[in-house]
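No value in this document is a laboratory result; all are computed from the given coordinates. A quick note: this is a predicted structure, and the numbers were derived from the prediction, not measured. Methodologically, a virtual Cβ is constructed for each residue, glycine included, from the backbone with ideal geometry; neighbour enumeration extends over all protein chains shown.
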Amino acid sequence: MIKFSLLELLIRGIPEGAIYMWACYLLSKTKFHLNRYLLSAALLIFTTTIVRSLPIILGINTVLFLAIMIITNININKISIIKSISVSVSVIILESLCELINMLMIKFMFKVDLTFVWSNPFLKTIYGIPSLVLFILSIIIINAVLNKKKFFKKEII
């Protein structure tokens, strides 16, 4: 079971769920539907909170989260099965890389003890914000690169 405070839910959980769904829409090139987006983001936030409160081994929560994201993308966002799987896995890998970069920066650049940070919900939330910002920037850059390739293909043809 992962301890998840109300502060973490408000500052980290809700934006993260919304960003995950936004990334799935962008990377799958699915037409954006606000109602579907809001419903899928809310469902993802709610189920993530439930999964984190389950007494399961760390890592299983990521697999469950991935399954929930894929099913949500297929059933609510109407993203094809193949796209949903590839985009969901890509989004989770990208977010994990952003978290890793953030943790390495905290540990080696700022010389902060990660055990201390992760034991305090407030510090964990505050120190986690840079990874969320990096995640958003990564999605924007990837989207720009994908659209640029699409633009140049049109110009050549």
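Reported to two decimal places, what Rg/Rh ratio describes the range 71-141 when computed on Cα atoms with Rh from the Kirkwood expression?
1.12
Give, as a single signed number, the net charge of other residues whose beta carbon lies under 12 Å from the beta carbon of Ile92, with Lys and Arg counted +1 and Asp and Glu -1.
Spelling it out: positives minus negatives among the neighbours equals -3.
How much length is gained if the chain between Ile71 and Leu39 is pulled fully straight, taking 0.36 nm per residue apart and subtracting their Cα-Cα distance, in nm to one decimal?
Gain on extension, Ile71 to Leu39, equals 10.2 nm.
What distance in nm lies between label points placed 7 Å from Cα along the C-beta direction at Val89 and Phe110?
3.3
Cα atoms only, the range 1-45: Rg and Dmax in Å?
Here Rg and the maximum Cα pair distance are 11.9, 36 Å.
If you take every residue apart from Ser138 with its C-beta less than 12 Å away from the C-beta of Ser138, what net charge results, scoring Lys and Arg +1 and Asp and Glu -1?
Charge balance in the 12 Å sphere: -2.
Return the distance in nm (one decimal) between the two label points of a simple spin-label model at Leu97 and Leu137, each offset 7 Å from Cα along Cα→Cβ.
1.4
What is the angle, in °, between the Cα long axis of helix 14-28 and the longest principal axis of the Cα atoms in the chain? Nearest 10 is fine, range 0 to 90.
30
Wrap a convex hull around the Cα atoms of the range 1-77, take a quarter of its surface area, and give that in square nanometres.
Its average projected convex-hull area is 4.9 nm².
Can you pull the three principal axis extents for the Cα set of the chain, in Å, largest first?
Here the spans come out as 56, 35, 24 Å, largest first.
Can you tell me the dipole magnitude for the range 1-120 around its Cα centre, using point charges on the Cβ only (Lys, Arg +1; Asp, Glu -1), in Debye to the nearest 20?
320
For Cα pairs less than 8 Å apart in space and 6+ apart in sequence, what is the mean separation divided by the residue count of the chain, i.e. the relative contact order in percent? Before the final figure, lay out the partial values.
On the way: 124 pairs, mean separation 43.5, N = 157.
RCO, the chain: 28 percent.
Once the dipole of the chain is set up with Lys and Arg at +1 and Asp and Glu at -1 on Cβ about the Cα centre, which of Leu94, Phe122, Thr30 lies farthest towards its positive end?
Of the listed residues, the answer is Thr30.
Considering only Leu54, Thr72, Val112, whose Cα is most displaced toward the positive end of the charge dipole of the range 1-149, charges sitting on Cβ of Lys, Arg (+1) and Asp, Glu (-1)?
Thr72
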